[in-house]
1. Between ASN53 and LEU31, what is 0.36 nm times their sequence separation minus the Cα-Cα distance? Round to one decimal in nm.
2. Specify whether the C-alpha gyration tensor of the range 25-81 places it in the rounded, prolate or oblate class, a ≥ b ≥ c being the square roots of the eigenvalues: rounded for a/c under 1.5, otherwise prolate if a/b is larger than b/c and oblate if not.
3. Need the full-extension length gain, PHE76 to ASP43, defined as separation in residues times 0.36 nm minus the C-alpha distance. One decimal, nm.
4. Take ARG32, ARG46 and sort them by solvent-accessible surface of the protein heavy atoms, 1.4 Å probe, largest at the top.
Amino acid sequence: MRSTKRDDLAGGNGTAPGTARLHLADGVPLLRPEEQVFEAMLDGWRNQQLARNLALSTINGRERKARAFAAHADAFPWNCR
């Protein structure tokens with residue numbers, strides 16, 4: 001089987017060199033779960049937009065607006081009614 005450049009770049013478990021895996025200890029609560037969920041939502045949204053090849057200026061502007069709205073409402077999106 002011939003290795004590809006992609007295989008050479010990825011480690012044995014399919015991760016890129018220098019990346020860290022997420023480890024959560026059982027029974028340890030998250031420090032600020034709502035903030036972490038909000039950040040994860042924005043990261044996922046950013047990745048989705050990057051996959052659609054949108055301009056970084058567009059993505060960054062949208063993220064700033066989402067953050068500004070959350071700050072103005074003084075609540076996370078799932079708490080807004």
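1. Working: separation 22, 0.36 × 22 = 7.92 nm, distance 3.39 nm.
Length gained, ASN53 through LEU31: 4.5 nm.
2. Working: a/c = 3.08, a/b = 1.41, b/c = 2.18.
Note, shape of the range 25-81 comes out oblate.
3. Working: separation 33, 0.36 × 33 = 11.88 nm, distance 1.51 nm.
Difference between extended and current length: 10.4 nm.
4. Numbers: ARG32 125, ARG46 60 Å².
Output order, biggest surface exposure first: ARG32, ARG46.
The values are calculated or read from the model by the stated rules, or taken from the named source; none is laboratory data. Source: prediction; values computed, not measured. Surface areas here come from the heavy atoms of the whole protein model, side chains and all, with no ligands, DNA or RNA. Shrake-Rupley method; radii C 1.70, N 1.55, O 1.52, S 1.80 Å.
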